[in-house]
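Q: My structure is below; once you've seen it, I'll send some questions.
Read-outs throughout are calculated quantities, based only on the coordinates presented, and are distinct from any laboratory measurement. Since we're looking at a predicted model, the values are computed, not measured. Neighbour counts run over all protein chains shown; Cβ positions are idealised from the backbone, glycine included.
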Amino acid sequence: MTLLRSIDTILPAVEQQLDAVPFIDIHTHLFMPSLGTLGLWGIDQLVTYHYLEAELFRSSPLKPEQYWVLSTQQKADAIWKALFVENTPISEATRGVIAVLKAFGLPTDSPDLREAREFFANQKVEPHIRKVFELAGVSEVVMTNDPLDPDEAPLWQEGAERDPQFHPVLRLDRILNKWSSHWHLVPGADENAGSIAPVRKFLAEWCERMRPVYMACSLPDTFQYPEQSIRSRLLAEVVIPACREFEIPLSLMIGVRYLVNPALRLAGDAVGRADLGALERLCVQFPENRFLCSVLSRENQYELCVYARKFSNLMPFGCWWFLNNPSIVEEMTKERIEMLGTSFIPQHSDARVLEQVIYKWRNTRRTLAPILADKYALLAADGRAVTAEDIRRDVTRLFRTNFENWTT
Ligand code: RAT
Ligand code: ZN
């Protein structure tokens, strides 16, 4: 096996392995085909992604109230005109749409979306999904499945057909963050969650029905544990024991400031620095549980790495939402490698629209190649050259086995 010593030989080898290893996308908002219309795909959905909706109002006189009454096609037309025709699409989210169009050989500088619409209208969803995964270099994606979503729950109850490329996740936001408006949907539960047995039963039934690879919740920047709240009690007495019983991790996505601008709806959330002492206490109090964790604030990233060094039941993952920009991904990934080696999960796509996995994973590979290559070059300079096999093992651990080992 050839020893790679200089950056000139290391970088192409890293690029080759990043291309060759199929990744597992550990958090998306995509849906398996049997969940039908919940799954978003195609040009109008790509262009009306909430990241782009947030950008629209910075480059168009349109007001949110004028925008929300439009049809999806009209919304996409407004965004295309403002962000792609009248302006150069150099932001991360706009550039992503361009990369997807290019991947399918569609025009990237067209004055309208006609040709792209025609192309997507001619695709059959199942083969299209397989093609998209292939282009993105992902073998499987992990969904976000909410048992209290009135559109989704009945489909599971009717026995939605499984798809080996889509793994379910039991999402708990409505239970943990919005109990007061959802408790009545949990049979036998009460408003104060005074009796926890019905909630335990509810989660157990859903775990058996869905067979999730983990449970998950997004949490505000103000998240505290422990505290005097229904959420804290449900976490300690229902969710965490259920994760132990079903031997699955709990994923915590911490740091959202919900709806700072309600007029923007899904695009109206912002970010805040969280007190990761709450995470420390969870890791200490529940050593038998495994926690996946992604924090939204740039200022929290370093602490998350330090905690991961202290607690082997904590797995940092992803560069999430406002962090998924090359400059920040670079900074975070270097820091994580320096502090954790390969014992973390560098990225997930958070795709809401199928074809987004193409650009998000290409961008991840592009950003990560020089970072990994630099680390190997430093290692070689310090006395240990690497082989293509070493690189493959590391890439596989980062983008596959760290997740597989935690969830199976
Ligand atoms: O990145 C996003 O699209 C956010 O809106 C959230 O969905 C976040 O990823 C979450 O899962 O809560
Ligand atoms: Zn998400």
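Q: The conditions are (1) β-branched (Val, Ile, Thr); (2) in a helix (DSSP H, G or I); (3) touching a Lys or Arg at 6+ places or on another chain (Cβ under 9 Å); (4) away from ligand 1 (no atom under 16 Å from the Cβ), and Thr333 fails exactly one of them. Which is it?
A: Going through (1) β-branched (Val, Ile, Thr); (2) in a helix (DSSP H, G or I); (3) touching a Lys or Arg at 6+ places or on another chain (Cβ under 9 Å); (4) away from ligand 1 (no atom under 16 Å from the Cβ) one by one, Thr333 breaks only (3).
Q: List every residue pair whose Cβ atoms lie under 6 Å apart, where the two residues are 6 or more positions apart in sequence or sit on different chains, the first residue falls within region 207-230 and is under 30 Å from Glu161 (Cα atoms), and the second residue, located anywhere, is in a helix (DSSP H, G or I) and within 16 Å of ligand 2 (Cβ to nearest atom).
A: Short answer, once both residue conditions are applied: Cys217/Asp173; Cys217/Leu176; Ser218/Asp173.
Q: Filter region 124-147 for residues that are assigned to a helix (DSSP H, G or I), aliphatic (A, V, I, L, M) and within 16 Å of Pro33 (Cβ to Cβ); which is farthest from ligand 2 (Cβ to nearest atom)?
A: The qualifying residue farthest from ligand 2 (Cβ to nearest atom) is Val125.
Q: Could you please give the count of residues in region 135-175 that are away from ligand 1 (no atom under 15 Å from the Cβ), touching a Lys or Arg at 6+ places or on another chain (Cβ under 6 Å) and within 24 Å of Tyr359 (Cβ to Cβ)?
A: 0
Q: Follow-up question, since we're still on this one. Report, by residue number, each residue of region 141-165 that is at negative phi and either in contact with an Asp or Glu (Cβ under 7 Å, 6 or more places away or on another chain) or small (Gly, Ala, Ser) (or both).
A: Val141, Val142, Asn145, Asp146, Glu152, Ala153, Ala160, Gln165
Q: Continuing with the same structure: What are the residue pairs meeting all of these: first residue in region 394-408, first residue in contact (Cβ under 8 Å) with a residue 12 or more places away in the chain, second residue charged (D, E, K, R) and surrounded by 20 or more Cβ atoms within 10 Å (Cβ to Cβ), Cβ atoms under 8 Å, and 6 or more apart or on different chains?
A: Cβ pairs passing all conditions: Trp406/Arg290.
Q: Right, another one. When Leu83 is evaluated against the numbered criteria (1) crowded, with 19+ Cβ neighbours inside 10 Å; (2) farther than 18 Å from Trp321 by Cα; (3) under 24 Å from the mean Cα position of the chain (by Cα), which criterion, by number, is the only one it fails?
A: Unmet for Leu83, out of (1) crowded, with 19+ Cβ neighbours inside 10 Å; (2) farther than 18 Å from Trp321 by Cα; (3) under 24 Å from the mean Cα position of the chain (by Cα): (3).
Q: Given the criterion buried (at least 19 other Cβ atoms within 10 Å of the Cβ), touching a strand residue (DSSP E or B) at 6+ places or on another chain (Cβ under 6 Å) and more than 21 Å from Cys319 (Cα to Cα), identify the matching residue among Leu30, Leu46, Leu40.
A: Going through Leu30, Leu46, Leu40 in turn, the sole match is Leu40.
Q: Tally time: how many residues in region 237-267 are more than 21 Å from Ile26 (Cβ to Cβ) and more than 18 Å from the chain's Cα centre (by Cα)?
A: 11
Q: Which of the residues spanning region 286-312 are outside any helix (DSSP H, G or I) and either aliphatic (A, V, I, L, M) or in contact with a Cys (Cβ under 6 Å, 6 or more places away or on another chain) (or both)?
A: Answer for region 286-312, where residues must be outside any helix (DSSP H, G or I) and either aliphatic (A, V, I, L, M) or in contact with a Cys (Cβ under 6 Å, 6 or more places away or on another chain) (or both): Asn289, Leu292, Val295, Leu296, Phe311.
Q: Give the residues of region 184-221 that are out of contact with any Asp or Glu (no Cβ under 8 Å at 6 or more places or on another chain), part of a loop (DSSP other than H, G, I, E, B) and either away from ligand 1 (no atom under 16 Å from the Cβ) or on the phi > 0 side of the Ramachandran plot (or both), sorted by residue number.
A: Passing the criteria: Val186, Pro187, Gly188, Ala189, Asp190, Glu191, Asn192, Ala193, Gly194, Ser195, Arg211.
Q: Same structure, new question: Out of region 322-341, which residues are touching a residue at least 60 places away in the same chain (Cβ under 8 Å) and crowded, with 18+ Cβ neighbours inside 10 Å?
A: Answer for region 322-341, where residues must be touching a residue at least 60 places away in the same chain (Cβ under 8 Å) and crowded, with 18+ Cβ neighbours inside 10 Å: just Asn324.
Q: Criterion first (away from ligand 2 (no atom under 16 Å from the Cβ), of a type outside the set (Val, Ile, Thr) and out of contact with any helix residue (DSSP H, G or I) (no Cβ under 8 Å at 6 or more places or on another chain)) does Ser6 satisfy it?
A: Against the criterion (away from ligand 2 (no atom under 16 Å from the Cβ), of a type outside the set (Val, Ile, Thr) and out of contact with any helix residue (DSSP H, G or I) (no Cβ under 8 Å at 6 or more places or on another chain)), Ser6 does not qualify.
Q: What is the residue count in region 19-30 for residues that are of a type outside the set (S, T, N, Q) and within 13 Å of ligand 2 (Cβ to nearest atom)?
A: Final tally of qualifying residues: 5.
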